[in-house]
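Inspection log for the structure reproduced underneath, given as structure tokens.
The values are calculated or read from the model by the stated rules, or taken from the named source; none is laboratory data. Keep in mind the model is a prediction, meaning the values are calculated, not measured. With ideal geometry, Cβ positions are generated from the backbone for all residues, glycine too; neighbour counts draw on all protein chains shown.
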Amino acid sequence: MYQQVHIVGIGGAGMSAIARVLLGRGIRVSGSDRSLNPVTAALESLGAVIYQGHAAAQIEGAEALLISSAIKDDNPEVVAARSAGVPILKRREALPLVMGDKTQIAVAGTHGKTTTTALITHLLREAGRDPSYIVGSVMGNTGDNARAGSGDAFVIEADEYDTMFWGLTPTIALITNLEHDHPDMFPTMTDMIHAFEGFIERIPEYDGVLITCADSPEALALAQKRRASGQPTLTYSLEGKGNWNLVETSEGVLISGMENGQEIEALIHAALPPSLAGRHNLQNALGAVAAVVAYGIPLQTALTGLGTFRGTERRMQVLGTFREAVLISDYGHHPTAIHATLEALRRLYPQSKIWAVWQPHTFSRTRELGGAFAHAFGDADHVLITDIYPARERFQPGDPDGANMAAQTQAAGHPDARHSGDLSQTAALLQTEVGPGEVVILFSAGDAPHIWDLLQGQ
């Protein structure tokens, strides 16, 4: 194992998580990013050497260079490492080094993988197992997104982008659902399915288990294919068609499944926390319970941990209030996720007017899924659509913009869908029009949470 590594793009969620685990294992870490943020400040407090900007001299002493998918070949640190013969690793290639010989529990899927990964981590911690973990967002219970634990398990959010999850060999692999996403990486649904099939092939043939949500047709098809080959496979469902099932009753939430080859069931009388509100989060909770029981945690122990789960940042995260209205931040950047979150929000705030502020993420996703986005906002009273956050892409002739998406949403039948411009213009509009008791939710995988700072005059 390397004793000193340099990470290019260390401020991002994925690379910062790797940095945390490496630091926790006593490895010297340095890193650089275009701009510094609270994540890089936290890493610096843990002992990492952080640089703003990129320069060849910053890799001095590094035995390996870790780079995010966004880093180009002409980056000066990449050029310097190549010239010096220093190994250059993307996340997929670095993961085996980071995880070592731990028992891998990996969570993949189009939606819900951050919450499910965080919940599995939380349930194991509550059971006293002290897992290592890498989660795609900061967890409310721990205040971090990654840690090197002393236990046998390593829980990781398995990202399909750039086929990162092909670098894993999970003993327990969970797939929450499967829909077309990342069209810049997977032009067709067939391409995306192929990527997930490659992930499943990484599961040990007979010692590992695949767990999928039977309520997702594409995920269920993957489970059926593996089960037909005689390899261990479990499914979970809110519709009574899985090995694990969950039903909401007048007395509470009834969960049934398999433990040590025996059928079991348990009733949760207490209300689940707001972090698990909505049908989609009941699916996430059921999948997490199935995974930790498969790992060896008794069902009753797992269920006790559900009640203390505090969620993660940017997943139905209440930021505060302004003008006596509630402001919530959510990562929703796919139409299915937005629809499910708004449905849950409507149940939590049945009497309130709901404002959905959507910052479209990447031109390719907005173009490919535009029609579905236009129909995703039925549970919102008002929809504001900001300028598109381009991320890694550049505008090309024919690409949609915020005004196009507002027009599509209006045409889909929404009574108040508007293009609100940039973040400053959007904050000004909210400050003018939102009233007491109303609810505003920011859907963004980009920088739209900055609206909260603007509303506070920062």
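Listed values, structure above:
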read-out: Meets criteria (more than 26 Å from the chain's Cα centre (by Cα), closer than 29 Å to Gly307 by Cα and at pLDDT 90 or above) for Ile264; value: yes
read-out: The listed residue being assigned by TED's automatic domain parsing to the domain that holds Ala291, surrounded by 18 or more Cβ atoms within 10 Å (Cβ to Cβ), within 27 Å of Tyr51 (Cβ to Cβ) and aromatic (Phe, Trp, Tyr), out of Tyr161, Tyr133; value: Tyr133
read-out: Answer from Ala427, Ala356, Ala374, Ala380 - the residue that is farther than 19 Å from Gln317 by Cα, at pLDDT 95 or above and among the small types (Gly, Ala, Ser); value: Ala374
read-out: Some residue of the range 271-283 being within 25 Å of Val439 (Cβ to Cβ), assigned by TED's automatic domain parsing to the domain that holds Pro131 and surrounded by fewer than 13 Cβ atoms within 10 Å (Cβ to Cβ); value: yes
read-out: Residues that are within 25 Å of the chain's Cα centre (by Cα), surrounded by fewer than 17 Cβ atoms within 10 Å (Cβ to Cβ) and over 15 Å from Ile175 (Cα atoms), drawn from the range 206-246; value: Glu239
read-out: Of all residues in the range 158-206 being of a type in the set (Ser, Thr, Tyr) and without any contact (Cβ under 8 Å) to a residue 60 or more places away in the chain, the one that is farthest from Thr115 (Cα to Cα); value: Tyr206
read-out: Residue in the range 66-73 that is crowded, with 23+ Cβ neighbours inside 10 Å and more than 21 Å from Val155 (Cα to Cα) present; value: yes
read-out: Only listed residue being of a type in the set (Ser, Thr, Tyr), part of a helix (DSSP H, G or I) and surrounded by 19 or more Cβ atoms within 10 Å (Cβ to Cβ), chosen from Thr304, Thr341; value: Thr341
read-out: Any hit, the range 155-167, residues being out of contact with any Cys (no Cβ under 9 Å at 6 or more places or on another chain), part of a loop (DSSP other than H, G, I, E, B), among the acidic types (Asp, Glu) and closer than 16 Å to Ile200 by Cα; value: yes
read-out: Strands (runs of 3 or more DSSP E) completely within the range 1-110 that count 3 or more residues being touching a residue at least 60 places away in the same chain (Cβ under 8 Å) and farther than 27 Å from Phe196 by Cβ; value: 4-8
read-out: Identity of the residue in the range 353-382, closer than 16 Å to Tyr331 by Cβ and out of contact with any Phe, Trp or Tyr (no Cβ under 8 Å at 6 or more places or on another chain), that ends up surrounded by the fewest Cβ atoms within 10 Å (Cβ to Cβ); value: Leu369
read-out: In the range 194-205, residue farthest from the chain's Cα centre (by Cα) [restricted to those that are surrounded by 20 or more Cβ atoms within 10 Å (Cβ to Cβ) and under 25 Å from Asn260 (Cα atoms)]; value: Ile203
read-out: Every residue from the range 369-392 that is touching a Gly at 6+ places or on another chain (Cβ under 9 Å) and not aliphatic (A, V, I, L, M); value: His375, Gly378, Thr386, Asp387, Tyr389, Pro390
read-out: Selection count where residues are buried (at least 21 other Cβ atoms within 10 Å of the Cβ) and at pLDDT below 95, scope the range 383-401; value: 0
read-out: Filter result for Asp33 (buried (at least 17 other Cβ atoms within 10 Å of the Cβ) and of a type in the set (D, E, K, R)); value: yes
read-out: Criterion (part of a helix (DSSP H, G or I) and closer than 19 Å to Thr362 by Cβ) met by exactly one of Ala391, Ala407, Ala376, Ala403; value: Ala403
read-out: Members of the range 135-187 found to be under 17 Å from Ala219 (Cα atoms), hydrophobic (A, V, I, L, M, F, W, C) and within 16 Å of the chain's Cα centre (by Cα), listed by number; value: Ala158, Phe165, Ala173, Leu174, Ile175, Leu178
read-out: Search result, residues across the range 259-270 that are of a type in the set (Asp, Glu) and either surrounded by 14 or more Cβ atoms within 10 Å (Cβ to Cβ) or part of a helix (DSSP H, G or I) (or both); value: Glu259
read-out: Output for the range 318-334, where each listed residue is of a type outside the set (A, V, I, L, M) and surrounded by fewer than 20 Cβ atoms within 10 Å (Cβ to Cβ); value: Gly320, Thr321, Phe322, Arg323, Glu324
read-out: Residue match in the range 26-49 (condition: in contact with a Lys or Arg (Cβ under 6 Å, 6 or more places away or on another chain) and at pLDDT 95 or above); value: no
read-out: Some residue of the range 317-335 being in a loop (DSSP other than H, G, I, E, B), of a type in the set (D, E, K, R) and within 24 Å of Pro390 (Cβ to Cβ); value: no
